[in-house]
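Encoded as structure tokens, the structure appears first; notes follow it.
The values are calculated or read from the model by the stated rules, or taken from the named source; none is laboratory data. Everything numeric here is computed off the predicted structure, so don't read it as measured data. Because the Cβ atoms are built from the backbone with ideal geometry, glycine has one as well, and the counts that use them run over all protein chains shown.
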Number of protein chains: 2
Amino acid sequence: MSAIEGQANGQTGADALISALADCGVSHIFANPGTSELDLVLALDREPRIKAVPVLFEGVASGAADGFGRMTARPAATLLHLGPGYLNAAANLHNARRARTPLINLVGDHAVAHRRHDAPLTSDLNSIVAPQSVWVRDVAAAREMADAAREAVHTAILRRGPATLIIPADAAWGGCATSGEVTVQVAPVGPNEQAISLAVDKLRAARQPAIFVGGRCLQERGLEACARLVQAGWRVIAETFPARQARGAGRFAPERLTYFAEMGQTQLAGTDLLVCVGAKAPVGYFAYPDKPSKHIPEGCQIHHLVAFGECEAEGIVMLADAVGASTSVLPATPAAPSQNDGALNRESIATAIACHMPADCIVSDDGVTLSGAVIAATASAPPHDWLCLTGGALGQGLPLAVGAALASPGRRVLALTGDGAMMYTAQALWTIARLNLDVVVVVAVNRSYEILRFEFARMGKSELGPAGRDLLSLDSPNIDYCSLATAMGVDSVRCSDSREFGERLRWAFENRGPFLIEALCVP
Amino acid sequence: MSAIEGQANGQTGADALISALADCGVSHIFANPGTSELDLVLALDREPRIKAVPVLFEGVASGAADGFGRMTARPAATLLHLGPGYLNAAANLHNARRARTPLINLVGDHAVAHRRHDAPLTSDLNSIVAPQSVWVRDVAAAREMADAAREAVHTAILRRGPATLIIPADAAWGGCATSGEVTVQVAPVGPNEQAISLAVDKLRAARQPAIFVGGRCLQERGLEACARLVQAGWRVIAETFPARQARGAGRFAPERLTYFAEMGQTQLAGTDLLVCVGAKAPVGYFAYPDKPSKHIPEGCQIHHLVAFGECEAEGIVMLADAVGASTSVLPATPAAPSQNDGALNRESIATAIACHMPADCIVSDDGVTLSGAVIAATASAPPHDWLCLTGGALGQGLPLAVGAALASPGRRVLALTGDGAMMYTAQALWTIARLNLDVVVVVAVNRSYEILRFEFARMGKSELGPAGRDLLSLDSPNIDYCSLATAMGVDSVRCSDSREFGERLRWAFENRGPFLIEALCVP
């Protein structure tokens, strides 16, 4: 519907918003609307350029928009029902903000005049949305909706994170004209020549410098520049949990920063300069008594190459050019692992994945204690993209897979998850089934929050007593992940044998549509 | 462990906090801890007076604490993992705040020195927790933990809502002595004589006054005063969605305020004074174009009988005494409905529940379009407590049932839910199975967000198109609630016939332990 027709046909603010989002290239909205969002639902009915995707729980919407944005660098949107709807989405928005993913939240609110009555669903929305958003606009009236849409798209792309629109019901139902088609152009631009020269000077002056790369440096173009830098003798280290990394055979695999800060101290011992490109200065996930918070040694200088709004992928290419790193020679691809037999465990799961992962696979990783083994095993697997858990909020894996699959038609998505992590947002299975997405879910079942047992042991505490063991265990009753998949329309199988797991995984990748494998890693 | 032993044995701040909570009467903590909460887990191991209840998702923890607090007027606690853990709990905390339920959130955070490094799980916790909390304390050090616990219990009871403690990991792991046993006394007190006299004068001066009651006025003691007031000729109207209402045979059933504001305008036509006792002035759930936001007619005066910190149940008793309302005559109990045959629908579900509900049942109501029929049908059912959805955030029903069951050993809990509402926090089933709680879940399945179709029709909009219908439907794939129950260890049955539903429900109530009935209301 064009703006002129809209005006003639009684266009609402909701129509203006949704049309403007479509004009700006938004193609998907992950939605769990309520009464206050019904005019937005009507507007979606009138806008064929946007696909509205239903979800059962808002954490699926935000995770899916994150997955979509990681794969396309374009924002998808969520549609959420007031404060509670936003709050249910917020843990995965925390992850999305850490991933620096462009996305747009459309949060319905009461009509402006109704807010002061403090109705049951009223909440302080501006305060609620701020912590996970890079930008917030409370849209005052229908006539502002098209402009707000354009500003949201522009800001989400430029500031790279969740841009949130609070949409009072009367701004959605009110009539309005639009100011014609709106578009958004945000071209990636790197640092200026002066900034590059300064970094080069610093690198050359340092005794033992390292280049710490993250974000879009770890996609193909940036990685090629990283390979050139390493070939020219510079040390390049990748962040531990990148939002997206191109990996596998034929691709450069930079050294990865270790998870624990005290191991990082060893890894970075002697480093006197860390030039960060698209990565924050490294810091431990958690603090521990008598252990360092930071990976970098005392006295190591931190220098950031790219500034706000500059693209790190451009930056690392410019840096490689500036130091004259001209040829990239890829390391020999390590031999592919061969399928193994016997009881299923972390390592045999990893081996099977490495054997059967198809080319161009996207891995959505919420696997916690499983992930390390799979990352190691898949170094020489066919080329693939790996999406890490960026903000530590479990329940990212399945929702992210929804968005990644929709963003990348024809590519297979592997959602790696654990029996604890999966239970935060298992509702994603329903959307996966409903849209018949090419998602294979592997849930590794060890009947516990294994990462916490590991952390507990690491802290050198006394043994856990019955209450503590109870809190960390996932047995009694054992969760039946195949029944869970059945409940939401996804076919599944349970395996406890390595060979069978490998065969089932191969079969799942050879066929289209969703499938779940419950990988029992307990005796 | 006593304070002296603790000090001798290397008591931590976590020990001091948990012991102080136990001293103050906290008996249950609903927990989903992470690395930063492991010292609190250890402390729970050493404190036999507190039961730690594991949950798979934090929204179960907050809903359970709400249910516990509604049944006991004592706070239970949640144990949550930093910002994302809190955010997952927050929608049900929104409901708890609206229910005015005392509860305590223990939110783990990074060690104070680690916060400034902006680690992946760092977030602006003080901002995040504020909107759903009546009080927040960021505990600076181990030595403050016991005092913070006491203040949290006191505040949760006095201010009646979620009191939130932010607990840096170093405040938990740090060593500390305690200041001995701490206790909290908060006795309910009503308004003073002057406030009562003023209200009586206002009521007598008004042409057409009404008394609008909510909160604890709707428990047994307050209801008896309401009955006396009505018998003495005063009009008493109850809030639409009370946190807890005593109902059923032998109990006074006050007139209930209608849901929609424009119907409220008719119900309250001519009312010139509304004396609110434990209820906020009524307001529409949502605003609609050209419809009023408020139930009360223009010019109607609002007077609040009880002030902050005063108990409305004491207030309504004092008011009844002051107007000389001395005898309460209960209305004749209407005849119990008889079980019906045929296809299952809202009305036959309601009839069956009214027929088979045991005495002292607790109903946790997240049933949305089902609820009205069941409320109507159960007026003459055996005495029971009804817990409404207070804040409009779906996903309250099953978690609330967990807490209500633990708070009320020996009583049966009926969790009423819809196929949409259930999918927000279905993870509660696992905790229900794990603790073998006496919870019967009835999920009414109509394969849609029926309330939205209803609201949509009411708004007089044009027909929904394909995208809108898609967003409001829950078919394709149909969700299999029995498989969902199986996945989490709860026995279940699917019914589509009224007689079978009645028989299964009777059987479920006659036996102990959890059971789920999927009530198919679609042809």
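Taking the criterion of being within 11 Å of chain B (Cβ to nearest Cβ) and hydrophobic (A, V, I, L, M, F, W, C), the residues of the range A:56-67 that qualify are A:LEU56, A:PHE57, A:VAL60. The set of residues in the range B:337-372 being free of Cβ contacts under 8 Å to residues at least 60 places away in the same chain and within 16 Å of B:LEU520 (Cβ to Cβ) consists of B:GLU347, B:ALA350. Screening B:GLU37 against (1) of a type outside the set (Ser, Thr, Tyr); (2) in contact (Cβ under 8 Å) with a residue 60 or more places away in the chain; (3) surrounded by fewer than 24 Cβ atoms within 10 Å (Cβ to Cβ) leaves a single unmet condition, (3). Within the range A:175-188, the residues that satisfy the criterion of being aliphatic (A, V, I, L, M), within 15 Å of A:HIS154 (Cα to Cα) and modelled with pLDDT of 75 or more are A:VAL184, A:VAL186, A:ALA187. Restricting the first member to the range B:249-264 and to residues that are surrounded by fewer than 17 Cβ atoms within 10 Å (Cβ to Cβ), and the second to residues that are among the basic types (Lys, Arg), the beta-carbon pairs closer than 8 Å and six or more apart or on different chains are B:GLU255/B:ARG235; B:GLU262/B:LYS291. If the condition is being within 14 Å of A:ALA163 (Cα to Cα) and part of a helix (DSSP H, G or I), then the range A:96-124 contributes A:ALA96, A:ARG97, A:ARG98, A:ALA99. The lone criterion from (1) more than 14 Å from chain A (Cβ to nearest Cβ); (2) in a helix (DSSP H, G or I); (3) without any contact (Cβ under 8 Å) to a residue 12 or more places away in the chain left unmet by B:PRO409 is number (2). What about B:LEU93, is it farther than 21 Å from B:ALA16 by Cβ, at the interface with chain A (Cβ under 10 Å from one of its Cβ atoms) and not in a helix (DSSP H, G or I)? For B:LEU93, the condition - farther than 21 Å from B:ALA16 by Cβ, at the interface with chain A (Cβ under 10 Å from one of its Cβ atoms) and not in a helix (DSSP H, G or I) - is not met.
Residues in the range B:239-275 that are outside any loop (DSSP other than H, G, I, E, B) and either in contact with a helix residue (DSSP H, G or I) (Cβ under 9 Å, 6 or more places away or on another chain) or more than 14 Å from chain A (Cβ to nearest Cβ) (or both): 12 in all.
Per the listing B:PRO254, B:PRO188, B:PRO168, B:PRO209, the residue uniquely in the same structural domain as B:THR122 (by TED's automatic domain parsing) and at negative phi is B:PRO168. One residue stands out in the range A:437-486 among those that are at the interface with chain B (Cβ under 10 Å from one of its Cβ atoms), part of a loop (DSSP other than H, G, I, E, B) and in contact with a Pro (Cβ under 9 Å, 6 or more places away or on another chain): the one that is nearest to A:TYR285 (Cα to Cα), namely A:MET459. One residue stands out among those in the range A:68-85 that are outside any strand (DSSP E or B) and more than 9 Å from chain B (Cβ to nearest Cβ): the one that is surrounded by the fewest Cβ atoms within 10 Å (Cβ to Cβ), which is A:ALA73.
Taken across the range B:128-145, residues that are among the small types (Gly, Ala, Ser), within 21 Å of A:PHE286 (Cβ to Cβ), assigned to a loop (DSSP other than H, G, I, E, B) and away from chain A (no Cβ under 13 Å) do occur, with at least one present.
Kindly provide the set of residues from the range B:43-59 that are among the hydrophobic types (A, V, I, L, M, F, W, C) and either within 13 Å of A:ASP470 (Cα to Cα) or part of a helix (DSSP H, G or I) (or both), ordered by number. Within the range B:43-59, B:ALA43, B:LEU44, B:ALA52, B:VAL53, B:VAL55, B:LEU56 qualify. For the range B:194-217, check the following and say yes or no: at least one residue is in a loop (DSSP other than H, G, I, E, B) and out of contact with any Asp or Glu (no Cβ under 8 Å at 6 or more places or on another chain). Scanning the range B:194-217, I find no residue that is in a loop (DSSP other than H, G, I, E, B) and out of contact with any Asp or Glu (no Cβ under 8 Å at 6 or more places or on another chain), so the answer is no.
Listed by first and then second residue, the pairs with beta-carbon distance under 8 Å, at least 6 apart or on different chains, first residue in the range B:133-148 and crowded, with 18+ Cβ neighbours inside 10 Å, second of a type in the set (Ser, Thr, Tyr) and in a strand (DSSP E or B), are B:SER133/B:THR164; B:TRP135/B:THR164; B:VAL136/B:THR164; B:ARG137/B:THR164; B:ALA142/B:THR12. Within the range A:202-222, the set of residues being within 19 Å of the chain's Cα centre (by Cα) and crowded, with 23+ Cβ neighbours inside 10 Å comprises A:VAL213, A:GLY214, A:GLY215, A:ARG216, A:CYS217, A:LEU218, A:GLY222. Scanning the range A:387-406 for residues being more than 14 Å from chain B (Cβ to nearest Cβ) and among the hydrophobic types (A, V, I, L, M, F, W, C) gives a total of 7. Would you check if there is a residue in the range B:271-290 being touching a residue at least 40 places away in the same chain (Cβ under 8 Å) and among the basic types (Lys, Arg)? Checked the range B:271-290: at least one residue is touching a residue at least 40 places away in the same chain (Cβ under 8 Å) and among the basic types (Lys, Arg). Restricting attention to the range B:13-55 and to residues that are facing chain A (nearest Cβ under 10 Å) and among the acidic types (Asp, Glu), the residue that is farthest from A:PHE454 (Cα to Cα) turns out to be B:GLU47. Look at (1) in contact with a Ser or Thr (Cβ under 7 Å, 6 or more places away or on another chain); (2) closer than 30 Å to B:MET459 by Cα; (3) surrounded by fewer than 19 Cβ atoms within 10 Å (Cβ to Cβ) and you find that B:ALA287 fails only one, number (3). Criterion applied to A:VAL230, A:VAL236, A:VAL275 was being at pLDDT 95 or above and within 24 Å of A:GLY161 (Cα to Cα), and the one residue passing it is A:VAL275. If you filter the range B:96-125 down to residues that are more than 8 Å from chain A (Cβ to nearest Cβ) and small (Gly, Ala, Ser), you find that the one that is surrounded by the most Cβ atoms within 10 Å (Cβ to Cβ) is B:ALA96. Could you please find all residues in the range A:372-406 being surrounded by 24 or more Cβ atoms within 10 Å (Cβ to Cβ), assigned to a helix (DSSP H, G or I) and of a type in the set (Gly, Ala, Ser)? Answer for the range A:372-406, where residues must be surrounded by 24 or more Cβ atoms within 10 Å (Cβ to Cβ), assigned to a helix (DSSP H, G or I) and of a type in the set (Gly, Ala, Ser): A:GLY397, A:ALA401, A:GLY403, A:ALA404, A:ALA405.
Residue selection: B:LEU305 fails the criterion of being among the aliphatic types (A, V, I, L, M), at pLDDT below 90, farther than 30 Å from B:SER498 by Cβ and touching a Gly at 6+ places or on another chain (Cβ under 8 Å). Residue check: is B:LEU40 farther than 22 Å from B:VAL413 by Cα, at pLDDT 95 or above and either touching a helix residue (DSSP H, G or I) at 6+ places or on another chain (Cβ under 9 Å) or assigned to a loop (DSSP other than H, G, I, E, B) (or both)? It is true that B:LEU40 is farther than 22 Å from B:VAL413 by Cα, at pLDDT 95 or above and either touching a helix residue (DSSP H, G or I) at 6+ places or on another chain (Cβ under 9 Å) or assigned to a loop (DSSP other than H, G, I, E, B) (or both). Of all residue pairs spaced 6 or more apart or on separate chains, those with beta-carbon atoms under 9 Å, a first member in the range A:435-463 that is among the polar types (S, T, N, Q) and a second member that is in a strand (DSSP E or B) are A:ASN446/A:GLY418; A:ASN446/A:LEU520; A:SER448/A:SER473. Just one residue in the set B:ALA421, B:ALA467, B:ALA428 is without any contact (Cβ under 8 Å) to a residue 12 or more places away in the chain, buried (at least 20 other Cβ atoms within 10 Å of the Cβ) and not acidic (Asp, Glu); that residue is B:ALA467.
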